[in-house]
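Derivation of every value follows stated rules applied to the coordinates shown; laboratory data play no part. Remember, predicted model here, so these are calculated numbers, not experimental data. We place every Cβ from the backbone using ideal geometry, glycine too, and count neighbours over all the protein chains shown.
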Amino acid sequence: MRFVLAAVACLAAPIAVQAQTPDGMAAWSRIYAVASHPRCTNCHVGSSGRPAWDDLGYGRNRLHGMNIVADASRIGAESIPCRACHISAAGENAVPHSAPQIDDAWRLPPVELAWRGKSSAEVCTQLRDPETNDGFDLVGLIDHVRTSAFVNYGFKPGAGRNSAPGSVASLAQDLQTWGDAGMPCEEG
Ligand code: HEC
Ligand code: HEC
């Protein structure tokens, strides 16, 4: 029994120390600055199914115009489909206030990936646990960030839109640093 306890203590200690590394927390703050940016949260809205138009020049806390709802399909199949305006093909998005188009079917993420209005601790806890994360572990997360047309759009949203801070590469690097530090989250 004593041996088991000692072994557990040995295993737990490095993780506890790592979890407090300033690098890991600094990387998380940069990840949260991206994940809480309107270019990401306007889609990552959760169960309401109402995409948002925050930070597009219509004031704070704005939902998508024209009463657009994504519903359970997350692509608006039940009402007006997203593709009626958001064309699935790579585009420059050079015309301000036109519907963004990317090389993927424009849609909302699964409900569990709700980030709009969520605190750093809430997003962090959600993101580090595959159970609440659409099954993504760290490797999957980094791969998603590197390859997703949605994430790429967030950093290159075209004319008239603020981009999320940093780049796809810096976000992938920060996720690696945060993961190596044991995925520390803020308290609360
Ligand atoms: C047009 C809507 C849209 C935008 C904008 C968007 N996402 Fe997503 N996101 C999705 C969808 C849909 C998924 C589900 C996976 C898939 O279908 O590719 C997803 C999944 C994810 C995932 C993996 C699941 C998870 O929670 O671990 C991450 C990470 C992610 N998005 C990050 C971002 C970041 C960072 C931005 C902004 C730079 C962003 N997304 C912008 C639609 C969007
Ligand atoms: C009738 C046309 C139309 C339909 C249908 C439509 N959109 Fe849009 N959407 C737009 C326009 C136009 C904009 C650009 C607003 C702006 O930049 O001022 C936009 C912008 C957005 C944005 C903001 C992007 C950003 O960078 O902040 C999101 C998120 C979004 N739409 C999600 C959806 C989803 C999800 C669907 C389907 C459920 C959908 N839209 C259906 C016209 C449409």
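Summed over the stretch 159-184, residues that are of a type in the set (A, V, I, L, M, F, W, C) and in a helix (DSSP H, G or I) total 6.
Among residues of the stretch 128-145 that are more than 14 Å from residue 177 (Cβ to Cβ), those with a Cβ under 8 angstrom from a residue that is of a type in the set (Ser, Thr, Tyr) and part of a helix (DSSP H, G or I), sequence gap 6+ or separate chain, pair up as 132/125. When restricted to residues that are assigned to a loop (DSSP other than H, G, I, E, B), in contact with a helix residue (DSSP H, G or I) (Cβ under 7 Å, 6 or more places away or on another chain) and aliphatic (A, V, I, L, M), the stretch 75-109 contains 2.
Only residues that are more than 16 Å from ligand 1 (Cβ to nearest atom) and assigned to a loop (DSSP other than H, G, I, E, B): list them for the stretch 54-74, please. Result: 57, 58, 59, 60, 61. If you go through the stretch 16-52 and keep only what is more than 12 Å from ligand 1 (Cβ to nearest atom), in a loop (DSSP other than H, G, I, E, B) and closer than 16 Å to residue 115 by Cβ, you end up with 49, 50. Out of the stretch 120-158, which residues are loosely packed, with under 14 Cβ neighbours inside 10 Å, assigned to a loop (DSSP other than H, G, I, E, B) and at negative phi? Of everything in the stretch 120-158, those that are loosely packed, with under 14 Cβ neighbours inside 10 Å, assigned to a loop (DSSP other than H, G, I, E, B) and at negative phi turn out to be 129, 137.
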